[in-house]
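Notes follow once the structure below has been shown.
Here, each number is a calculation from the coordinates, and none is a lab measurement. Remember, it's a predicted structure, so these values are computed and weren't measured experimentally. We place every Cβ from the backbone using ideal geometry, glycine too, and count neighbours over all the protein chains shown.
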Amino acid sequence: MVFDRSERPRLPRAIKILIAGGFGAGKTTMVASVSETRPLRTEEILTDRGIGVDDLTSVEAKRTTTVAMDFGRITLTNDYVLYLFGTPGQERFWFVWDELAEGALGAVILADTRRLADCFPSVDYFERRGTPFVVAVNCFEGAPTFELDEVRLALQLDPSIPIVLCDARKRDSSREVLIALVKHSARLRAEPVGT
Amino acid sequence: MTRTDQEPAEEHWVDPEIIRPYVVTRGRTQPVHGKFDLISMALAVGPMPGPGSGLDPEHLQILKLCREPKSVAEIAAHLDLPAGTIRVLLGDLFDKQLVSAQEPQSEVDMRDMNMYRAVLDGLRSL
């Protein structure tokens, strides 16, 4: 719904992509490398009423929690603006993930081969939610190198899910990851586009 | 960004950092209009209101910022206020017809292949 009441300049349409992965996997690095400005930070204050009941069973009433999210903007055209949101790292913030994932084009799950298990929760989450995602193996120096097939096996990824190598510090590399995700998302939601 | 369990955050019943957002909105937690999410876009419309408009400094800051289209998340980051506070303030401005705003989800159809083409073209030309 547009609640513009007057014939004013048209607002661009906003699209969001989530950048997920374990702590230190390079989420903010990727947001920074490909965004047009330095990463921004926004905060949501959660009260106990806003958080799922089972998350706070051990916490006293009327507590509030601040969840910070790093994000960046890419102005694609006059009509489309893309926002990249780094997901909050702690699993107790699934509530925030739900809000972020709602209406998202898809997600990039950054994997660090030194701590591959750290991205299991993200893979589980987006699989269950039906959000299109790709896995991007961030190539840290000194990290063990694996064949992508080995990573796929370790993460028990369906063959249809793209898995790519990347260097999250590099703009071109991060951009290629986003392109892989957009293509994958388009494939899942309709027939293929472009090449 | 993240608090560790070792920090004595639990001892404070009210974190001073969270007082300001509620003062700014005079205790309101829900906007009077609209369901703005983090990527809802807002754009200031019409001339900048003068003194006596009944607006708070934060409202005026938002209007200044939104001369170019900005998302709720961006406004929140620039004003250093939580997104929930910005939603309330944007609702006020929308109510006074000082901003146009749109909700994103219903606006962008995720099965719209033209959208995917536009996004791919935009990314390729970065």
Entries of A:LYS170/B:LYS70; A:LYS183/B:LYS35; A:LYS16/B:LYS64; A:LYS16/B:LYS96; B:LYS64/B:LYS96; B:LYS35/B:LYS96 with Cα pairs more than 21 Å apart: A:LYS170/B:LYS70; A:LYS183/B:LYS35; A:LYS16/B:LYS64; A:LYS16/B:LYS96
For segment B:37-126, the Rg and Dmax computed from alpha carbons only, in angstrom: 15.1, 48
Average projected area [Cα convex hull, segment A:13-188], square nanometres: 10.7 nm²
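Sort A:127-134, B:34-41, B:48-55, B:83-90 by the packing proxy (mean of other Cβ within 10 Å over each peptide's residues), most packed first. Please list the in-between numbers first.
Numbers: A:127-134: 17.4, B:34-41: 22.6, B:48-55: 11.1, B:83-90: 24.6.
Top to bottom by mean Cβ count within 10 Å: B:83-90, B:34-41, A:127-134, B:48-55.
Let me check against my output: what whole-number percent is the relative contact order of segment A:13-188, with C-alpha pairs under 8 Å and at least 6 apart?
On the way: 324 pairs, mean separation 46.9, N = 176.
That works out to 27 percent.
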